[in-house]
Amino acid sequence: MQTSLVVDALKMAIKTRRPPAGVIFHSDRGAQYTSRTFARFCAKHKIRRSLGRTGICFDNAVSESFNATYKKELIHTRPWPTIQILKKRTFEWVETQYNRNRRHSTLDYLTIEEYELGYRDIDELPVQGVQLAA
């Protein structure tokens, strides 16, 4: 991993997701996340950095779960002829399947999109196709 890759990915996330000032970016203590370049980028964009403690795997459980899911649901499903195709499909997978359709146990089985809309419990979601009596 290179700092430039992480910064580029975060730039894309900022552009597409438009997070509020003070959003938290949690990572391990890899050199790309502890670099001066990354610290300056986060400060400029009002991103709070959160670094996992050394040797404590639980801090990164959600990130590690994402990586495993990404590999299982996309990377290892077929050979990828070019990196450009893989990048395009990765973006599509994250933006559609992972963020909008996939239910996450860490969010009480809401999708990321539902959680960002303000829902906090799956029972709050409207039932599609059902009209409730007034």
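The condition (being free of Cβ contacts under 8 Å to residues at least 60 places away in the same chain and either more than 16 Å from the chain's Cα centre (by Cα) or at positive phi (or both)) is satisfied by just one residue among T106, T69, T82, T96: T82. Of the helices (runs of 4 or more DSSP H) lying entirely inside the range 18-134, not one carries at least 1 residues that are in contact with a Cys (Cβ under 7 Å, 6 or more places away or on another chain) and among the acidic types (D, E). A Cβ distance below 9 Å, combined with a sequence gap of six or more or placement on separate chains, defines the contacts here; from the range 44-56, residues that are assigned by TED's automatic domain parsing to the domain that holds S27 and farther than 13 Å from S27 by Cβ reach residues that are β-branched (V, I, T) and surrounded by 10 or more Cβ atoms within 10 Å (Cβ to Cβ) in the pairs H45/I14; H45/V23; K46/V23.
Looking across I85, I112, one residue alone is at pLDDT 90 or above, surrounded by 14 or more Cβ atoms within 10 Å (Cβ to Cβ) and among the aliphatic types (A, V, I, L, M). It is I112. Filtering the range 57-77 to residues that are of a type outside the set (D, E, K, R) and closer than 17 Å to I24 by Cβ leaves F58, N60, A61, V62, S63, F66.
The values are calculated or read from the model by the stated rules, or taken from the named source; none is laboratory data. None of these values were measured; they are calculated from a predicted model. No Cβ is skipped: glycine too gets one built from the backbone with ideal geometry, and neighbour counts run over all protein chains shown.
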